[in-house]
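Asker: Sharing a structure here in structure tokens format.
The values are calculated or read from the model by the stated rules, or taken from the named source; none is laboratory data. This is a predicted model, so every value here is computed, not measured. As a convention, Cβ positions derive from the backbone with ideal geometry for all residues, glycine included, and neighbour counts pool all protein chains shown. All accessible areas refer to the heavy atoms of the entire protein, side chains included, with ligands and DNA or RNA removed. Shrake-Rupley method; radii C 1.70, N 1.55, O 1.52, S 1.80 Å.
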Amino acid sequence: MSADALPATALPRAARGSPGLLGRVARTIHLAWPATALVAAIVLAWEFYAQFSGIKPTILPAPSRVLAQIIENRQALVDNAIPTLIATLSGFTLSVASAFLSSVLVDFVRPLRRALFPVFIISQTLPLVAIAPLVVLWFGFGLLPKILLVALVTFFPMMVALVQGYDSTEKDMEWLLRSMGASRAQVFLKARLPSAIPFFFTGLRISITYAVVGAIFAEYAGAANGLGIYMLSAKNNFRPDLVLAAVFCSALLTLILFGGTVLIQRLATPWERVRKGGGK
Amino acid sequence: MSAPRLSLSHVSKRFETLDVLGDISISVAPGEFVSILGPSGAGKSTLFQILTGSTPPGGGVIAFDGEELKDASGKFAFMPQRDALMPWRRVIDNAILGLEVQGVRRAEAYGRVAPLLAQFGLAGFERHYPSQLSGGMRQRVALLRTVVQDRQMLLLDEPFGALDALTRASMQQWLERMWERHRWTALLITHDVREAVFLSDRIYVLSARPARVIREIKVPLPRPRGMREMSSPQATKIEADLLEALLGSSAIEFA
């Protein structure tokens, strides 16, 4: 094969040399500093305003006060974050599983897609503020209404991502498989389903952020414990510092879950990593 | 040619108001390399859609080994225009796709592909993903995936169309040597005159839509073919004839 020289990108990774730990840290700092600087500036401005404008801490607490409250109430915050996490993950699991099953169903039975999609779109127009108390009214203060509400807000984006992913399949790939004598199920398993993987993870990243908000909203409408109900009672006791402490916890929770989906994607799609590493 | 492997007589096809194939009659003998040369958008790929069973012919008769072709599955190994490699499959798993669909067990499928890897210039790249390969290598994986299916005939749809000129030339040479060795029965679609002359035993020239066969030319150049054979007066004459036929057909279109 002298006519076709090996491309440099085909060499094993070790032979090309990787940037190394120091280089990666430097790169991360380089990428992250604008966002970090902006957040720091906002927090600083907020701190100055709260300290020197004479505004009451029961209206706008300073970030330093919020931080102090987080440390002081860490046990209560953790105790309330756990039910929220459980509701989020259970609802999200239910939502992903049912979105996957229905996406497969509508992919195989086209008329069903035309029947179901309008219903799903309508489900997305329901205002959560109105629906959450009703769901609590119907299903009580337990875990079930929270799971249902999380599923309600995350199902549609997952479903749309999957269906779009199936439709993104290269036409030539399907033609090729049919020319090989593949059945419809084989075409789905070998081409349509793997083609949807990047879309699936995009949907996952978007809806995991909705999921936490959904769980907190459900708790807000009525719960024994959880970050939502914690925020509500803090607000009723005129403690905005505690509300913000809980907000911080929910944001942290969302970020951790978001990071989890990114990690799962990296592990589940080794070929994507190779593409980035290979630079081709 | 007493018993052609594939013969099409008066095959036509229209999509709603679009007349794609006018009247196509061609034949391919066993072990023969035949090209279909035509202007872009002449419906050459439609012909392959009909042969692979993706769409039914509008009219005419298709016969395979003397019998009317009812079910295309199992007869042809098809190589699409863009390589259609699956980015999530490693080279070796892309190569065995057809065997997998046939239900061949993975270990056995690997066993069938392994001895061919070196010939296809892919030894040592089995575990790579397609995104790590050059365009020429990707095309060779696609061709490997096509030939291991062990069908009676190859259908190649502009296999080198997306490659740069230099890679394309080297791939054509490589394919010519491979064909010398394996003598596959092959039908190649192309709009590259040189490629058709270089690879084929016989060439059909199609007109613009609705496509008809306007010329059939034998290529009696000795094999193996190289740059020397390609620059012989005979080869130059064939190329000129083909170009004239092609340009003549489109001149009618624009008149």
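Asker: Considering only helices (runs of 4 or more DSSP H) fully contained in region A:29-135, which possess at least 2 residues that are touching a Lys or Arg at 6+ places or on another chain (Cβ under 8 Å)?
Answerer: Ranges flagged: A:74-108.
Asker: So, one more: Which of the residues that make up region B:173-204 are more than 23 Å from B:Gly41 (Cβ to Cβ) and open to solvent by 20 Å² or more (accessible area, probe 1.4 Å)?
Answerer: Within region B:173-204, B:Gln173, B:Arg177, B:Glu180, B:Arg181, B:His182, B:Arg183, B:Trp184, B:Asp201 meet the criteria.
Asker: Check B:Leu47 against each of (1) within 10 Å of chain A (Cβ to nearest Cβ); (2) under 21 Å from B:Leu187 (Cα atoms); (3) part of a helix (DSSP H, G or I) and name the one condition it does not meet.
Answerer: Result: B:Leu47 fails condition (1) only.
Asker: Restricting to region B:71-86, name every residue that is assigned to a loop (DSSP other than H, G, I, E, B) and either more than 7 Å from every other protein chain (Cβ to nearest Cβ) or touching a Pro at 6+ places or on another chain (Cβ under 9 Å) (or both).
Answerer: Hits for region B:71-86 are B:Asp71, B:Ala72, B:Lys75, B:Pro80, B:Gln81, B:Asp83, B:Leu85, B:Met86.
Asker: Moving on. Identify, by number, the condition in (1) crowded, with 23+ Cβ neighbours inside 10 Å; (2) within 13 Å of chain A (Cβ to nearest Cβ) that B:Glu100 doesn't meet.
Answerer: Condition not satisfied by B:Glu100: (1).
Asker: Here is a follow-up. Check B:Phe15 against each of (1) hydrophobic (A, V, I, L, M, F, W, C); (2) crowded, with 20+ Cβ neighbours inside 10 Å; (3) closer than 17 Å to B:Pro210 by Cα and name the one condition it does not meet.
Answerer: Failed condition: (2).
Let's see how each residue does on (1) within 14 Å of chain B (Cβ to nearest Cβ); (2) touching a residue at least 40 places away in the same chain (Cβ under 8 Å):
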site	(1), (2)
A:Val119	no, no
A:Ile122	no, no
A:Val163	no, yes
A:Ser168	yes, no
A:Pro194	yes, no
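Asker: Only residues that are open to solvent by less than 10 Å² (accessible area, probe 1.4 Å) and closer than 30 Å to A:Val243 by Cβ: list them for region A:76-107, please.
Answerer: Listed by number, the residues that qualify are A:Leu77, A:Thr84, A:Ala87, A:Thr88, A:Gly91, A:Ser95.
Asker: Restricting attention to strands (runs of 3 or more DSSP E) lying wholly within region B:106-213, give those where 1 or more residues are within 14 Å of chain A (Cβ to nearest Cβ) and in contact with a Cys (Cβ under 8 Å, 6 or more places away or on another chain).
Answerer: Hits in region B:106-213: none.
Asker: Among the residues of region A:176-187 satisfying the criterion of being in a helix (DSSP H, G or I) and surrounded by fewer than 20 Cβ atoms within 10 Å (Cβ to Cβ), which is nearest to the other protein chains (Cβ to nearest Cβ)?
Answerer: A:Gln186
Asker: Moving to a separate point now. List the number of the failed condition for A:Phe48; all other conditions in (1) open to solvent by 60 Å² or more (accessible area, probe 1.4 Å); (2) at pLDDT 95 or above hold.
Answerer: That leaves (2) as the condition not met.
Asker: In addition: Every residue in region A:211-235 that is surrounded by fewer than 22 Cβ atoms within 10 Å (Cβ to Cβ) and part of a helix (DSSP H, G or I), please.
Answerer: Once the filter is applied, which keeps residues that are surrounded by fewer than 22 Cβ atoms within 10 Å (Cβ to Cβ) and part of a helix (DSSP H, G or I), region A:211-235 yields A:Val213, A:Phe217, A:Tyr220, A:Leu232, A:Ser233, A:Ala234, A:Lys235.
Asker: A further question on this structure: Right, B:Gly60: on the phi > 0 side of the Ramachandran plot and either modelled with pLDDT of 90 or more or in a strand (DSSP E or B) (or both) or not?
Answerer: yes
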